[in-house]
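The values are calculated or read from the model by the stated rules, or taken from the named source; none is laboratory data. Everything quoted here is computed from the prediction, not taken from an experiment. Here Cβ is always computed from backbone atoms with ideal geometry, including for glycine, and neighbour counts include all displayed protein chains. What goes into the accessible areas is simple: the full protein's heavy atoms, side chains included, and nothing from ligands, DNA or RNA. Shrake-Rupley method; radii C 1.70, N 1.55, O 1.52, S 1.80 Å.
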Amino acid sequence: MTTLAPSAFATAVFPASADVEAIIRLALAEDVGRGDLTTEATVSPEAQATADLLQKAPGVLCGLPVVAAVFARLDARVDVTPRAAEGSFDARGRVVARITGPATAILTGERTALNFLQRLSGVATASRRATELVAGTAARVIDTRKTTPGMRVLEKYAVRIGGAGNHRAGLDDGFLIKENHIRAAGGITHAVRAAQRRAAPGHVVEVEVTNLGELDEAISTGAALILLDNFSVADMRAAVAHTAGLARLEASGGISLDNLAEVARTGVDFVSLGALTHSAGVLDFSLEFVS
């Protein structure tokens, strides 16, 4: 049976600081611009403040390290003390962090910090829900490259915090031969063989198929992973039986939370959901001064 390299799907490790810093720098430049006019006009640079970060809707907390990094970039004297664990779920309102330090930095960074926290917690919550729906099956829910431009490294982190897995981080991370590649290359066999010759150790060669006939051809090439694109549930079951462990199977296309459990029960190894990132929505948080 073909197995994926251990590096194919990442664990819930926080992204490299340089990647996160670049995202935060852009977000603050967008929001603060040439300066926070209101705060600079009304608040003394010497003023100190304490604020609570409040989760106001049910869901999974994700993004506290980003919140801390936002405030640290504005003023290293701002302290963010977590009151809830990253990845924890709560169905009620709760204080997730206490923030202390210069009031000007807290006020200036408030919206940027909340934007990150709301978005990442929304992605983590959607990922947790999807993971719960496949419990008891052998399938694992994974994400796609349908992420917010510039935010991929953080959104994929949020997917992991929610308990789902990551597919490719980018085009340089592995081979996924899709329908247009196949057409341009002259067929499934030609495309897969070319990718296999190019693949470095640890690279997974995955190919998309649209019917059971194409599945047969993909199996014959020795592709490690085969993507079943827009298969019916009945055809997914037939594909699992036909493949008989010769390759791992990923279901994709036309899958939502409404039919996710049924798809997982077909026996596929992975179910990819672009909705984890492109349709996750946000979780409601606020920042309130307490002194």
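Residue pairs whose Cβ atoms lie under 7 Å apart, sitting 6 or more positions apart in sequence or on different chains, and linking a residue in region 235-255 that is aromatic (F, W, Y) to a partner that is assigned to a helix (DSSP H, G or I) and surrounded by fewer than 16 Cβ atoms within 10 Å (Cβ to Cβ), do not occur here. Answer yes if at least one residue in region 173-183 is touching a Pro at 6+ places or on another chain (Cβ under 7 Å) and under 23 Å from T277 (Cα atoms), and no otherwise. Scanning region 173-183 turns up no residue that is touching a Pro at 6+ places or on another chain (Cβ under 7 Å) and under 23 Å from T277 (Cα atoms). Scanning region 237-262 for residues that are in contact with a Phe, Trp or Tyr (Cβ under 9 Å, 6 or more places away or on another chain) and among the hydrophobic types (A, V, I, L, M, F, W, C) turns up A238, A239, L249, A251.
Here L171 clears all of (1) in a helix (DSSP H, G or I); (2) surrounded by fewer than 19 Cβ atoms within 10 Å (Cβ to Cβ) except the condition numbered (1). Checking the conditions here, which among L215, L276 is open to solvent by less than 10 Å² (accessible area, probe 1.4 Å) and within 28 Å of K156 (Cβ to Cβ)? Going through L215, L276 in turn, the sole match is L276.
Checked against the criterion of being open to solvent by 40 Å² or more (accessible area, probe 1.4 Å), among the polar types (S, T, N, Q) and over 28 Å from the mean Cα position of the chain (by Cα), region 176-199 contains one or more residues that satisfy it. Of the strands (runs of 3 or more DSSP E) entirely within region 38-103, those holding at least 3 residues that are farther than 21 Å from S121 by Cα occupy 48-55, 94-102. The condition (being surrounded by fewer than 22 Cβ atoms within 10 Å (Cβ to Cβ) and farther than 17 Å from L273 by Cα) is satisfied by just one residue among D235, D229: D235. Residue count for region 248-269 satisfying the condition of being buried (at least 16 other Cβ atoms within 10 Å of the Cβ), more than 13 Å from F231 (Cβ to Cβ) and not acidic (D, E): 5. Among the residues of region 52-91, those that are touching a Pro at 6+ places or on another chain (Cβ under 9 Å) and exposed (fewer than 14 other Cβ atoms within 10 Å of the Cβ) comprise R77, A91. The number of residues in region 128-165 that are in a helix (DSSP H, G or I), touching a residue at least 40 places away in the same chain (Cβ under 8 Å), of a type outside the set (A, V, I, L, M) and closer than 18 Å to S256 by Cα comes to 2. Report yes if G150 is of a type outside the set (A, V, I, L, M) and surrounded by fewer than 16 Cβ atoms within 10 Å (Cβ to Cβ), otherwise no. When the stated conditions are applied, G150 passes them.
Residues of region 95-138 being surrounded by fewer than 23 Cβ atoms within 10 Å (Cβ to Cβ) and farther than 30 Å from A29 by Cα, which ones? Correct list: R128, R129, T131, E132, L133, V134, A135, G136, T137, A138. Filtering region 149-172 for residues that are closer than 30 Å to R193 by Cβ, among the acidic types (D, E) and in contact with a His (Cβ under 9 Å, 6 or more places away or on another chain) leaves an empty set.
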